[in-house]
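A quick write-up on the structure given underneath.
The values are calculated or read from the model by the stated rules, or taken from the named source; none is laboratory data. Note that the structure is predicted; figures quoted are calculated from it, not measured. Positions of Cβ are generated from backbone atoms using ideal geometry, with glycine treated the same way; all protein chains shown enter the neighbour counts. Just the protein is used for accessible areas: all its heavy atoms, side chains included, with ligands, DNA and RNA removed. Shrake-Rupley method; radii C 1.70, N 1.55, O 1.52, S 1.80 Å.
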Amino acid sequence: MDIMHFTAVTLGEAIRRKELTAVDAVKAVWKEIQAKNPAINAYITLNEEEAYKQAENVQKQIDAGTLSSPLAGVPIAIKDNICTKDLRTTCASKILGDFEPPYEATVIQKLKAAGAIILGKLNMDEFAMGSTTETSYYGATKNPWNQSKVPGGSSGGAAAAVAANMAVCALGSDTGGSIRQPASYCGVTGLKPTYGTVSRYGLIAYASSLDQIGPLAKDVRDCAAILDCICGSDPYDGTSLHLPKAEYAANLSKDIKGMRVALPVQCFEKGLSEDVKSRVLAVAQNLKEQGAIVEEVPLPFLDYVIPTYYIIAAAEASSNLSRFDGVKYGFRAKDYDGLTEMYSATRSEGFGAEVKKRILLGTFVLSSGYYDAYYRKALQVKAFIKQHFDQIFEKYDAILSPVAPTTAPKLGESLADPLKMYLSDVYTVSVNLAGLPGLSVPCGFDRDGMPVGAQLIGAALGEQKILNLGYAYQSTTDFHTMFPEVK
Ligand code: GLN
């Protein structure tokens, strides 16, 4: 059996039809992991023994007719900032050491209840801060399409695992693009849901007002099926929304006739590579041919999104990361004299350079004297961005833009020029600042054969519309069915 030919949904169907078992599925994925993970480094922790146990258990329930969810028996891998009970959760940081959470994130509870099989924990940028998965304490993940390139970040392990068939699908998190950008660099489909759609309980916080968990998968249908499973209100997350019963997968429709799509002109101007530009404009053409109305709109705030995002994200990170002090979790420094020194030695040794930089920046913008000049100002710009998006969505169903200005850069290149790396988040961060849903779909390759992604942004709770646009696009193209040969 070749796992490559299955999506999460078709695999679930095959298992329910008894064409194969959940154990067969885990075996098939494990073969890929063994062959490819040593080179790609997508996983930090493998959950092999438990995965087989879970698969046997799930198969019994399927056989008994007590479990029939679309994801029953489907192997899924989890970004390592999502807490899994008794399974090491590191956030790709030294400071968490061998932390084994005493509880399960809500999304994991939901996946397990649906019969999905947890394969292991995926590599990422330390505390989800980065765009390349190079800031991981556990070493960089390689892009399966070209191992001299990054897989994107921070959910780089998730994107690489799905692209290389080392997982049928994965959960990532997106604070400023961390699902959409790696999905685009690795040629897979990724969805960042509307803020509040998916519970953040058990997601180790980076910037709480921006963080959202979402799927990285082989196609739009899989993303819809996974969202159906993980979304919904949660008493443990006060920001989670009460939504009607999720039926994103059942409501998928290819009929996009008359849908209105906005093309923000500023996103196609300076800084965008020609290859990415032509591929994304080809998506616009495809949607037009299927009956959508595509029109240019201005996006006047684009120059301000990067400073606004990095001020707010760093401010929240500096507060969230204060809990890592050597007392409660994982790692504690060995040499210190007294409590204060224990804190500082632990944090100095436990956090990597990028995380420290953000803590310093965040503490600075929140300090008295600078709060008004930076943090408050950033919140004002954030409100302006949200308003402007709202105006666009009065007239349009979705916005189409690139995901990133270029395809995946070479390993080592981005950390040498961090400002350039931050600027590469220009098309994704405003979606988080405004709390909107964003979908990244593979839309072709650049001249070096690296995948390109297009982004569809929806109004708040407009998931169905962007999923339908993506679904219509994927029904008429085959970029999402192409996989790299990993050696
Ligand atoms: N690259 C952005 C950052 O470093 C986004 C990361 C994310 O979405 N987690 O903050």
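Taking every protein chain into account, the 1.4 Å probe leaves S368 with about 110 Å² of accessible area, to the nearest ten. Size descriptors for the chain: radius of gyration and Dmax over Cα atoms are 21.1, 70 Å.
Within the stretch 372-458, how many lysine pairs that are 8 or more places apart, or on different chains, have C-alpha atoms less than 30 Å apart? Please report the intermediate quantities before stating the final value.
Details: K377/K386; K377/K395; K377/K420; K382/K395; K382/K420; K386/K395; K386/K420; K410/K420.
Lysine pairs meeting the criterion: 8.
Using the Cβ-Cβ distance between H242 and D337 with R0 set to 60 Å, the FRET efficiency from 1/(1 + (r/R0)^6) comes to roughly 0.70.
The alpha carbon centroids of the stretch 300-363 and the stretch 153-209 are separated by 22 Å. The H on the amide N of A454, modeled in the peptide plane, is under 5 Å from the matching H of V441, C443, each at least 5 residues off or on a different chain. Along the stretch 25-39 the Karplus relation, 6.51 cos²θ - 1.76 cosθ + 1.60 evaluated at θ = phi - 60°, assigns HN-Hα couplings of 5, 5, 4, 5, 5, 5, 4, 5, 4, 4, 6, 10, 4, x, 7 Hz to successive residues, with x for each Gly and Pro. Can you work out the FRET efficiency for the pair K277 and K386, with r the C-beta to C-beta distance and R0 = 25 Å, to the nearest 0.05? The calculated FRET efficiency here is 0.40.
With the simple model of a label 7 Å out from the Cα in the direction of the Cβ, S475 to K357 spans 4.5 nm. Length gained on full extension, E394 to S344: 13.0 nm, using 0.36 nm per residue less the C-alpha separation. Using C-alpha pairs under 8 Å with a sequence gap of at least 6, the mean separation divided by the residue count of the stretch 145-247 gives a relative contact order of 26 percent.
Ordered by 1.4 Å accessible area with all protein chains kept, Y422, Y309, Y103 run largest first as Y103, Y422, Y309.
In the chain, the DSSP-assigned H stretches of four residues or longer account for a calculated mean residue ellipticity at 222 nm of -11500 deg cm²/dmol, using -39500 (n - 2.57) per stretch and the full residue count as denominator.
Considering only Y309, H242, G326, and ranking their Cα positions along the charge dipole of the chain that arises from unit charges at the beta-carbon of Lys, Arg, Asp and Glu, the one farthest toward the positive end is H242. Summary value for the stretch 267-384: 29 percent relative contact order, contacts being C-alpha pairs under 8 angstrom separated by 6+ residues.
Separation of the alpha carbons by more than 30 angstrom is noted, of K79/K356; K53/K79; K112/K245; K36/K192; K110/K356, for K110/K356.
When only Cα pairs under 8 Å and 6 or more residues apart are kept, what is the percent relative contact order across the chain? Walk me through the intermediate numbers first.
On the way: 1174 pairs, mean separation 87.1, N = 487.
Once divided by the residue count of the chain, the mean separation gives 18 percent.
The residues of the chain expose on average 37 square angstrom of accessible surface per residue, using a 1.4 Å probe on protein heavy atoms. If you take the square roots of the eigenvalues of the alpha-carbon gyration tensor of the stretch 232-321 and sort them as a ≥ b ≥ c, do you get rounded (a/c under 1.5), prolate (a/b over b/c) or oblate? Since a/c reaches 1.5 but b/c is at least a/b, the shape of the stretch 232-321 is classed as oblate. Modelled label positions at Q285 and R447, each set 7 Å beyond Cα in the direction of Cβ, lie 1.8 nm from each other. Between K31 and E296, residue separation times 0.36 nm minus the direct Cα-Cα distance comes to 90.7 nm. Here the simple spin-label model places points 7 Å from the Cα toward Cβ, and for R17 and T66 these points are separated by 2.7 nm.
Shape of the stretch 109-222 from the C-alpha gyration tensor: oblate (a/c of 1.5 or more and a/b not above b/c, with a ≥ b ≥ c the square roots of its eigenvalues).
What order, most packed first, do the peptides 4-16, 438-450 have when packing is the mean number of other Cβ atoms within 10 Å of each residue? Mind dumping the intermediate values first?
Details: 4-16: 20.2, 438-450: 21.8.
Packing proxy ranking, top to bottom: 438-450, 4-16.
When only alpha carbons are used to place a centre, the stretch 417-487 and the stretch 1-72 end up 26 Å from one another.
Which of rounded, prolate, oblate describes the stretch 349-433, given a ≥ b ≥ c as roots of the alpha-carbon gyration tensor eigenvalues and a/c under 1.5 marking rounded, otherwise prolate only if a/b is larger than b/c? Cα axes put the stretch 349-433 in the oblate bin.
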